[in-house]
Amino acid sequence: MNTTHTAAAVDEVIRERRTVKPDKFNGEQIPEAAFTQILAAADWAPTHAYTEPWLFFVYAGDKAQEICHQHAALYKSATAAEKFNQGSYDKFYTMGDKASHVVIAAMKRGNNPNIPAIEEIAATSAAIQNLLLAATARGIASFWSTGGMTLREPFKAELGLGEEDQVLGLLYFGYTDAEPPVGKRMRPAQEKFIWK
Ligand SMILES: Cc1cc2nc3c(=O)[nH]c(=O)nc-3n(C[C@H](O)[C@H](O)[C@H](O)COP(=O)(O)O)c2cc1C
């Protein structure tokens, strides 16, 4: 491995990953082989004790739109009338219209009680970031959302997840013709990285 070139390429992919909202996607489909590769990259996240707690539900093509319709329907059925917002329903319903793939990323507890849930959430978040970076490296735009039903109990039930499991995101993937949003950091690095 040429470490100089590898470091520069990895750093560039990390820096250039941007949140791109699915309404900016162009409807083009990601080849199955490419998506299989990015899932394989996700699977190489670190874990404590090889628990590999991520469980990703992958929806491609028409299924990407269908899962968004189901998400909207669940939002409607699980939300009290006085809290229901038609605009939110419409947003969830149409969110995948131009997406190629949607992934529901969950942490599923294994049978190792020595590993606390926080570590399993951390490991699953690392797998999600792997997914986003592997997508970026292939020119695929992505959006990690925790909106709508993502963090609500009925969503877990619908997915067959248990009480201790946790959905961590609805991830949308596609291609875009739009200029990537300009990245920004709100706090200076020295506030977040304390050299001792
Ligand atoms: C755990 C998590 C949940 C997020 N949920 C949402 C969301 O529900 N809606 C949204 O617009 N962006 C969401 N984002 C994306 C962030 O808003 C986005 O990362 C942030 O604006 C920084 O932009 P960047 O990703 O291009 O650096 C989420 C990001 C993370 C890490």
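Would a scan of the stretch 6-27 turn up a residue that is of a type outside the set (Asp, Glu), within 27 Å of Gly162 (Cα to Cα) and touching a helix residue (DSSP H, G or I) at 6+ places or on another chain (Cβ under 9 Å)? Walk me through it before giving the result.
Quick first cut of the stretch 6-27, residues of a type outside the set (Asp, Glu) only: 6-10, 13-15, 17-22, 24-27.
Now restrict to residues that are within 27 Å of Gly162 (Cα to Cα): none.
No, that holds for no residue.
So, in the stretch 133-145, of the ones that are within 26 Å of His48 (Cβ to Cβ) and more than 12 Å from the ligand (Cβ to nearest atom), which residue ends up surrounded by the most Cβ atoms within 10 Å (Cβ to Cβ)?
Applying the filter and picking the extreme gives Ala135.
Contact list please: Cβ distance under 9 Å, first residue in the stretch 20-40 and at positive phi, second residue at pLDDT 95 or above and not β-branched (Val, Ile, Thr), pairs at least six apart or on different chains.
Matching pairs, first to second residue: Gly27/Asp97; Gly27/Lys98; Gly27/Ala99; Gly27/Ser100; Gly27/Gly174; Gly27/Tyr175.
Of the conditions (1) buried (at least 16 other Cβ atoms within 10 Å of the Cβ); (2) more than 26 Å from Gln29 (Cβ to Cβ), Ser77 satisfies every one except a single condition; which number is it?
With (1) buried (at least 16 other Cβ atoms within 10 Å of the Cβ); (2) more than 26 Å from Gln29 (Cβ to Cβ) applied to Ser77, the lone miss is (1).
The rows are residues; the columns are (1) away from the ligand (no atom under 14 Å from the Cβ); (2) surrounded by fewer than 18 Cβ atoms within 10 Å (Cβ to Cβ).
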residue	(1), (2)
Tyr89	yes, yes
Leu131	no, no
Gly147	no, yes
Leu170	no, no
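When only residues in the stretch 13-66 that are within 16 Å of the ligand (Cβ to nearest atom) and aliphatic (A, V, I, L, M) count, which is farthest from Ala157 (Cα to Cα)?
Among them, the one singled out is Val13.
Tell me, which residue of the stretch 149-164 that is in contact (Cβ under 8 Å) with a residue 24 or more places away in the chain and hydrophobic (A, V, I, L, M, F, W, C) is nearest to the ligand (Cβ to nearest atom)?
Here the answer is Met149.
Considering only residues that are assigned to a helix (DSSP H, G or I) and within 13 Å of the chain's Cα centre (by Cα), which ones fall in the stretch 19-43? Walk me through it before giving the result.
Taking the stretch 19-43 as the starting set, the residues that turn out to be assigned to a helix (DSSP H, G or I) are 22-24, 32-42.
Within the stretch 19-43, Pro22, Ile38, Leu39, Ala42 qualify.
All but one of (1) in a helix (DSSP H, G or I); (2) under 18 Å from the mean Cα position of the chain (by Cα); (3) among the aromatic types (Phe, Trp, Tyr) hold for Tyr89; state the number of the condition that does not hold.
Every listed condition holds for Tyr89 apart from (2).
Considering only the stretch 44-66, state which residues are surrounded by 14 or more Cβ atoms within 10 Å (Cβ to Cβ) and part of a loop (DSSP other than H, G, I, E, B).
Within the stretch 44-66, the subset surrounded by 14 or more Cβ atoms within 10 Å (Cβ to Cβ) is 45, 47-48, 51-60, 63-65.
Within the stretch 44-66, Ala45, Thr47, His48, Thr51, Glu52, Pro53 qualify.
How about the stretch 1-12: which of its residues are surrounded by fewer than 12 Cβ atoms within 10 Å (Cβ to Cβ) and within 16 Å of the ligand (Cβ to nearest atom)?
Taking the stretch 1-12 first, the residues surrounded by fewer than 12 Cβ atoms within 10 Å (Cβ to Cβ) are 1-8, 11.
Scanning the stretch 1-12 gives a single hit, Asp11.
If a residue must be away from the ligand (no atom under 15 Å from the Cβ) and over 22 Å from Lys91 (Cα atoms), how many such residues does the stretch 172-196 contain?
The number of residues fulfilling the criteria is 7.
Filter the stretch 24-43 down to the residues that are of a type outside the set (Val, Ile, Thr) and surrounded by 14 or more Cβ atoms within 10 Å (Cβ to Cβ) and list them by number. Step through it out loud before you land on a result.
Of all residues in the stretch 24-43, those of a type outside the set (Val, Ile, Thr) come to 24-29, 31-35, 37, 39-43.
The answer is Lys24, Phe25, Gln29, Ala34, Phe35, Gln37, Leu39, Ala41, Ala42.
The values are calculated or read from the model by the stated rules, or taken from the named source; none is laboratory data. Keep in mind that what you see is a predicted model, and the values were worked out from it rather than measured. Cβ coordinates were reconstructed from backbone atoms using ideal geometry, including for glycine residues, and neighbour counts include every protein chain displayed.
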